[in-house]
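Worksheet: the structure to be examined is printed underneath.
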Amino acid sequence: MSLQTQLNSFVLRVAEEFNTVKGRTGTLTALTTTDKSSLVAAINELKAAILTAVAIDDLTVATTSTYSSSKIVSVLDALKADILGGADPAFDTLLELQQALQNDQTGIAALTATIDKRVRFDAAQALTVPEQTQARANIGAVAATDIGDTGTDFVAIFNAALV
């Protein structure tokens, strides 16, 4: 193999590697930075933008910044206090509430029985006559039997009476 053939093979192989590297890094025109003169210039522009960016802002709620970790902790603590509303430490987690409910099935049964005695507006309900009477009294309603036939055609009765 001649020297020229070897050099040609070498140059073609180097060009192949350059094309591979160039394909992986892309072209300068594809950069979204303003300075596209070199990768170093683009990186420097990016670094300058990062250094001048306001990333932490404890005073403003925004999508372009964040609170500091200490501000986040204080906001979460305030939220927890709001949710707990001064609850006793024995009942300040969901697990403690679950355990309290599981340990007091009598209280749960009493609550369920009380709820079952409420007049529903989202579903039909079978009530005894005394329950119906009390429910009507509570809301100031009258019984359907007191109203009479709501399907009565009063116009027909009127017309018949005119004769």
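Values as computed for the structure displayed
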quantity: Among the residues listed as GLU45, GLU96, GLU17, the single one being in contact with a Pro (Cβ under 9 Å, 6 or more places away or on another chain) and without any contact (Cβ under 8 Å) to a residue 24 or more places away in the chain; calculated: GLU96
quantity: Residue list for region 139-157, restricted to those being under 45 Å from the mean Cα position of the chain (by Cα) and among the hydroxyl-bearing types (Ser, Thr, Tyr); calculated: none
quantity: Residue within region 129-138 that is among the basic types (Lys, Arg) and within 30 Å of the chain's Cα centre (by Cα) present; calculated: no
quantity: In region 43-62, the residues that are at pLDDT 85 or above and part of a loop (DSSP other than H, G, I, E, B); calculated: ASP57, ASP58, LEU59, THR60, VAL61, ALA62
quantity: Count of residues meeting criterion [open to solvent by 100 Å² or more (accessible area, probe 1.4 Å), among the hydrophobic types (A, V, I, L, M, F, W, C) and either in contact with a helix residue (DSSP H, G or I) (Cβ under 9 Å, 6 or more places away or on another chain) or part of a helix (DSSP H, G or I) (or both)] in region 113-142; calculated: 3
quantity: Residue list for region 65-112, filter: of a type in the set (S, T, N, Q) and loosely packed, with under 12 Cβ neighbours inside 10 Å; calculated: SER69, SER70, GLN98, GLN102, ASN103, GLN105, THR106, THR112
quantity: Leading residue by the ranking (least open to solvent (accessible area, probe 1.4 Å)) among those in region 16-56 that are touching a Lys or Arg at 6+ places or on another chain (Cβ under 7 Å) and among the hydrophobic types (A, V, I, L, M, F, W, C); calculated: ALA42
quantity: Region 1-15, residues that are part of a helix (DSSP H, G or I) and open to solvent by 70 Å² or more (accessible area, probe 1.4 Å); calculated: LEU3, GLN4, GLN6, LEU7, ASN8, PHE10, VAL11, LEU12, ARG13
quantity: Yes/no for ASP77 being modelled with pLDDT of 90 or more, farther than 30 Å from THR34 by Cα and touching a helix residue (DSSP H, G or I) at 6+ places or on another chain (Cβ under 8 Å); calculated: no
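The values are calculated or read from the model by the stated rules, or taken from the named source; none is laboratory data. Just so it is clear, the model here is predicted, and its values are computed rather than measured. So basically every Cβ, Gly included, is an ideal-geometry build from the backbone, and we count neighbours across all protein chains shown. With ligands, DNA and RNA removed, areas are computed over all heavy atoms of the protein, side chains included. Shrake-Rupley method; radii C 1.70, N 1.55, O 1.52, S 1.80 Å.
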